[in-house]
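The values are calculated or read from the model by the stated rules, or taken from the named source; none is laboratory data. Since the structure is predicted, the reported quantities are computational estimates derived from the model, not experimental observations. All Cβ positions, glycine included, derive from the backbone under ideal geometry; neighbour counts span all protein chains shown. Ligands, DNA and RNA are stripped out before the accessible areas are found, and what is left, the full protein with its side chains, is counted by its heavy atoms. Shrake-Rupley method; radii C 1.70, N 1.55, O 1.52, S 1.80 Å.
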Amino acid sequence: MKLFSPALSRLARLRYSRIEHWVQDPIAAQREVLQDLITHGEYTQFGVKYQFSEIFNLRKFKATVPIHEYEDLKPYIDQIMNGEESVLWNTPVEWFAKSSGTTNDKSKFIPITKESIEDNHFQASKDVLTIYYQKYPDSDLLTGKGLVVGGSHQVHPIKEDIQFGDLSAVLLQNSPIWSGLIRVPELSIALMDEWEDKIEKLAQSTIQEPVTSIAGVPTWTLVLLKRILEITQKENIKEVWPNFELYIHGGVSFTPYKEQFEKLIGPGCKYLEIYNASEGFFAAQNDLEEEGMLLLLQHGIFYEFMPVEEYGKADPKTIGLDKVEIGKNYAIVISTNGGLWRYLVGDTIQFVNKLPFKIKVSGRLKQFMNAFGEEVIADNSDKAISQACTTFDLVLKEYTAAPIYMSDKNAGAHEWLIEFENEPIDLVAFTAELDKNLQAINSDYEAKRHKNIALSLPKVVAVKKGCFHEWLKRKGKLGGQHKIPRLSNERDYVEQIKLINEEL
């Protein structure tokens, strides 16, 4: 197969000039996207209601169309699921991506159109490959197979010609036949519902395949890699698959997991971060040596950025790419070729570069700790705990944190539930290091910790191995895109996990 590698490399890079076009002229690219979206939406129910025929510029679009959360669009989505056409988009909607979310237990059903499949999800995947080969022209990535650690929802019918599943299931069902030649596992395993059986079948069925890459959420990919090494009795994945070269990750911060992956996979592996969701494929790393993901600007999504302090206001303000600031927290607002209009995704991002526009995911709008004015986001906690683990030579498996609220006798504090691969000998010293790191990263937290006036030293609980896995299992959220909520101002799920820890 190496004989074909140069030809595959040239083929994959043919379209790089198109990518350069929107990278070099991002404002114009986004203007074109918005115009195309409005044209598609003009004669839909939504477009008629908000007078799309009279929208000729961005100012009018923002003044006319309010920002929507899922609950605001749900009545329209229900109509589409009942078989109505031209509700949010002017082409038939035959698929919905079922998204569990991470901030509550409600399922969301995101409409997936032909355009969002082809021009967003598939096109973005091709562009990621093009960018990778532009950077590594001698890569042998396409001479082997890609292992996809996808979701676990079977496709289910809603009505005739309308079905739903999780995003990976929908994309697999719509993939061209030839893609099965370069992807493992077979569809019957990829779409399995029962995650624990699925991990076993994934491991057993792929050991003998020429795997060169894996794509999946870090938590469940780790489980799979460990099982493969148990079966094969090898030291690392490079001994199982000698030509393995790339791990594509997303969904959660990779910072707490990178050390584990480097140990399990072995030397010579590249790590590429992507940012995709049921609502769209938003960004991907274009330089594996630098922080940040290139925002994908000509893939059927128009972006606005809401400063997080605007969230909850009656008329929240958004800005465009021309006004964003590096290092500031924004909530993403998108209009898409799936029929989502000024839709608040729920993630928060920060720009790490402009021209080209590169972002990192900093957290969730509803996942943070701010019980005492400390404004701790997931990006802060990921870095602080990762640094502490490095200092004490510890391997982190999972963590979550929530406030312990003030009482008449005690100041408030943060309670951290942490599952270690190897527990610290001195948990008190680890706690002090974690606290020190978080103060160095977050000045608001540092101010509240001053002399223990508002916040006391954190309380760290080292939970038993398998505790978080059991919590997900009991919630019916094993596998796929399901993940542990990192931070919250509420204590409900923390108390649930602590009870499970006592039972184990």
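From I80, I55, which residue is out of contact with any Ser or Thr (no Cβ under 8 Å at 6 or more places or on another chain), surrounded by 20 or more Cβ atoms within 10 Å (Cβ to Cβ) and of a type outside the set (K, R)?
Selected residue: I80, the only one of I80, I55 that is out of contact with any Ser or Thr (no Cβ under 8 Å at 6 or more places or on another chain), surrounded by 20 or more Cβ atoms within 10 Å (Cβ to Cβ) and of a type outside the set (K, R).
Could you figure out which of (1) touching an Asp or Glu at 6+ places or on another chain (Cβ under 7 Å); (2) under 30 Å from D193 (Cβ atoms); (3) assigned to a helix (DSSP H, G or I) isn't true of Y445?
(2)
Give the residue, chosen from D287, D347, that is closer than 20 Å to L129 by Cα and either under 20 Å from the mean Cα position of the chain (by Cα) or in a loop (DSSP other than H, G, I, E, B) (or both).
Values: D347 fails: closer than 20 Å to L129 by Cα.
Among D287, D347, only D287 is closer than 20 Å to L129 by Cα and either under 20 Å from the mean Cα position of the chain (by Cα) or in a loop (DSSP other than H, G, I, E, B) (or both).
With the condition kept exactly as written, say whether any residue in region 243-255 is among the hydrophobic types (A, V, I, L, M, F, W, C), more than 26 Å from E118 (Cα to Cα) and open to solvent by less than 40 Å² (accessible area, probe 1.4 Å).
Yes: region 243-255 contains one or more residues that are among the hydrophobic types (A, V, I, L, M, F, W, C), more than 26 Å from E118 (Cα to Cα) and open to solvent by less than 40 Å² (accessible area, probe 1.4 Å).
Give the number of residues within region 37-61 that are without any contact (Cβ under 8 Å) to a residue 60 or more places away in the chain and more than 23 Å from Y311 (Cβ to Cβ).
Number satisfying all stated conditions: 16.
Only residues that are surrounded by fewer than 22 Cβ atoms within 10 Å (Cβ to Cβ) and within 19 Å of A440 (Cβ to Cβ): list them for region 400-415, please.
A413
Restricting to region 454-502, name every residue that is in a helix (DSSP H, G or I), touching a residue at least 24 places away in the same chain (Cβ under 8 Å) and exposed (fewer than 14 other Cβ atoms within 10 Å of the Cβ).
Residues satisfying the conditions are R474, Q496.
Taking region 233-242, which residues are crowded, with 19+ Cβ neighbours inside 10 Å and either at positive phi or β-branched (V, I, T) (or both)? If you could, list the steps in order and put the result at the bottom.
Looking only at region 233-242, we keep the residues that are crowded, with 19+ Cβ neighbours inside 10 Å, and these are 237, 240-241.
Within region 233-242, I237, V240 meet the criteria.
Counting only residues that are open to solvent by less than 10 Å² (accessible area, probe 1.4 Å) and either closer than 23 Å to Q367 by Cβ or part of a strand (DSSP E or B) (or both), how many does region 317-341 have?
Of the residues in that region, 9 qualify.
Go through region 346-371 residue by residue and tally those that are among the aliphatic types (A, V, I, L, M) and buried (at least 21 other Cβ atoms within 10 Å of the Cβ).
Looking only at that region, the number is 5.
Which members of region 4-16 meet the condition of being part of a helix (DSSP H, G or I), modelled with pLDDT under 85, open to solvent by 50 Å² or more (accessible area, probe 1.4 Å) and closer than 21 Å to A284 by Cα?
R10, L11
What pairs come out if I take residues in region 378-396 that are over 23 Å from C467 (Cβ atoms) and pair them with residues that are open to solvent by less than 20 Å² (accessible area, probe 1.4 Å) and in a loop (DSSP other than H, G, I, E, B) whose C-beta lies under 6 Å away, six or more apart or interchain?
N380/N442
Looking at region 350-378, which of its residues are small (G, A, S), on the phi < 0 side of the Ramachandran plot and more than 17 Å from the chain's Cα centre (by Cα)? Reasoning before the result, please.
Taking region 350-378 as the starting set, the residues that turn out to be small (G, A, S) are 362-363, 371, 373, 378.
If we keep only those that are on the phi < 0 side of the Ramachandran plot as well, we get 362, 371, 378.
The one that is small (G, A, S), on the phi < 0 side of the Ramachandran plot and more than 17 Å from the chain's Cα centre (by Cα): A371.
Just to be sure I understand the filter: pairs with C-beta atoms under 6 Å, separated by 6 or more residues or on different chains, first member in region 62-90 and more than 12 Å from K108 (Cα to Cα), second member open to solvent by 70 Å² or more (accessible area, probe 1.4 Å). Which pairs pass?
Here the result reads G83/K159; V87/Q45, each pair linking region 62-90 to a residue that is open to solvent by 70 Å² or more (accessible area, probe 1.4 Å).
Which count do you get for residues in region 192-232 that are open to solvent by less than 50 Å² (accessible area, probe 1.4 Å) and basic (K, R)?
Number satisfying all stated conditions: 1.
Answer yes or no: is there a residue in region 370-389 that is closer than 24 Å to L222 by Cβ, at pLDDT below 90, in contact with an Asp or Glu (Cβ under 9 Å, 6 or more places away or on another chain) and in a helix (DSSP H, G or I).
No: zero hits.
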